């Protein structure tokens with residue numbers, strides 16, 4: 001009695017247009033000064049899978065359409081809502097005015113585990129930063145909270161797209177009430 | 001009162017040799033027929049951060065040292081224990097003989113949520129498969145269990161390295177008793 005992979009139709013895929021208009025989890029993802037388009041595309045794909053509201057692209061992070069983004073986004077650049085703002089502090093100010101809590105994903109002093117959010121923390125914007133430097137200091141200073149993924153190895157770092165995936169799925173689970 | 005990133009020494013980095021000899025979480029990761037060395041390297045990095053026991057590389061998945069693996073593993077290819085077995089069924093047989101539960105990461109019939117494991121399921125080997133085809137049918141047939149990451153978007157897929165990261169950190173959290 002083995003397992004059988006589900007086929008596309010069995011998974012009830014939803015068309016991109018329907019997804020864009022549908023109810024999303026009250027989670028935003030801000031990509032500030034991300035260098036690699038591979039990572040940008042990969043985070044679009046994750047954002048689609050996690051059903052989040054919007055990606056906010058800031059600083060020198062590349063925006064779609066770009067061949068290298070599309071290559072790893074695999075169509076998610078069409079289904080995920082996104083906007084670009086050159087200045088991350090501007091974008092944060094607008095999100096805060098809309099009642100969105102700004103949470104950096106970083107290893108910082110006074111950061112709390114990424115598993116420690118509650119439903120009262122939403123709507124929430126997860127902020128990720130540059131692959132090498134992490135989140136810029138002035139952006140980190142604007143965060144209401146910093147979430148940290150525990151590190152049990154020798155390197156104390158994860159690829160930014162992997163880290164964003166770990167945190168986003170946990171946030172979505174929290175907002176869905178642990179499901 | 002802003003947040004401040006921790007510096008390297010503040011994070012108490014552990015040298016690679018010490019890590020290799022230290023107690024690890026009873027979690028294995030099997031990479032079967034992974035095409036992209038970027039993904040292999042990224043999963044080495046994640047395996048280091050999650051503190052898992054070993055990576056089992058099977059089929060045509062590339063093994064270190066390879067320039068493209070090292071580029072994304074960022075040194076984790078030195079700290080993470082790994083072995084290569086051409087035949088995944090052979091490797092699975094050996095793991096099962098050691099009492100390791102084999103769990104595919106896939107969308108399949110009778111799969112259960114990746115968040116639904118308990119401490120009784122460990123030691124556990126998470127199996128991931130090819131970027132396009134997923135886990136080979138004959139490997140899937142040998143799995144004791146299939147874990148699934150819920151999909152809320154239009155694509156029903158995640159990058160394999162991102163999916164492995166989401167599942168591994170959840171497994172480590174379970175085995176640590178929810179911490």
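Whether any residue in the range A:97-107 is at positive phi and out of contact with any helix residue (DSSP H, G or I) (no Cβ under 9 Å at 6 or more places or on another chain) is what I want to check.
There is at least one residue in the range A:97-107 that is at positive phi and out of contact with any helix residue (DSSP H, G or I) (no Cβ under 9 Å at 6 or more places or on another chain).
Return the residues of the range B:82-110 that are exposed (fewer than 14 other Cβ atoms within 10 Å of the Cβ) and either within 11 Å of chain A (Cβ to nearest Cβ) or in contact (Cβ under 8 Å) with a residue 60 or more places away in the chain (or both); say none if nothing qualifies.
B:109, B:110
With the condition kept exactly as written, say whether any residue in the range A:83-106 is part of a strand (DSSP E or B), at pLDDT below 95 and within 20 Å of residue A:146 (Cα to Cα).
no
Across the range B:116-148, which residue is nearest to residue B:32 (Cα to Cα) among those that are more than 10 Å from every other protein chain (Cβ to nearest Cβ) and loosely packed, with under 15 Cβ neighbours inside 10 Å?
This residue is B:132.
Among the residues of the range B:126-144, write down those that are in contact with a strand residue (DSSP E or B) (Cβ under 7 Å, 6 or more places away or on another chain), more than 10 Å from residue B:108 (Cβ to Cβ) and either at pLDDT below 95 or in a strand (DSSP E or B) (or both).
Listed by number, the residues that qualify are B:126, B:127, B:128.
Looking at (1) surrounded by 18 or more Cβ atoms within 10 Å (Cβ to Cβ); (2) under 15 Å from residue B:170 (Cβ atoms), which is the only condition residue A:113 fails?
(1)
From B:54, B:71, which residue is touching a residue at least 12 places away in the same chain (Cβ under 8 Å), surrounded by fewer than 21 Cβ atoms within 10 Å (Cβ to Cβ) and under 27 Å from residue B:178 (Cα atoms)?
From the options B:54, B:71, the qualifying one is B:54.
With the condition kept exactly as written, say whether any residue in the range A:164-176 is free of Cβ contacts under 8 Å to residues at least 12 places away in the same chain, surrounded by fewer than 21 Cβ atoms within 10 Å (Cβ to Cβ) and assigned to a loop (DSSP other than H, G, I, E, B).
no
Among A:8, A:41, which is under 23 Å from residue A:71 (Cα atoms), modelled with pLDDT of 60 or more and in contact with a helix residue (DSSP H, G or I) (Cβ under 8 Å, 6 or more places away or on another chain)?
On inspection, the qualifying residue turns out to be A:41.
The values are calculated or read from the model by the stated rules, or taken from the named source; none is laboratory data. All figures in this text were calculated on a predicted structure; none of them were measured in a lab. Note that we place each Cβ from the backbone using ideal geometry, even for glycine, and neighbour counts take in every protein chain shown.
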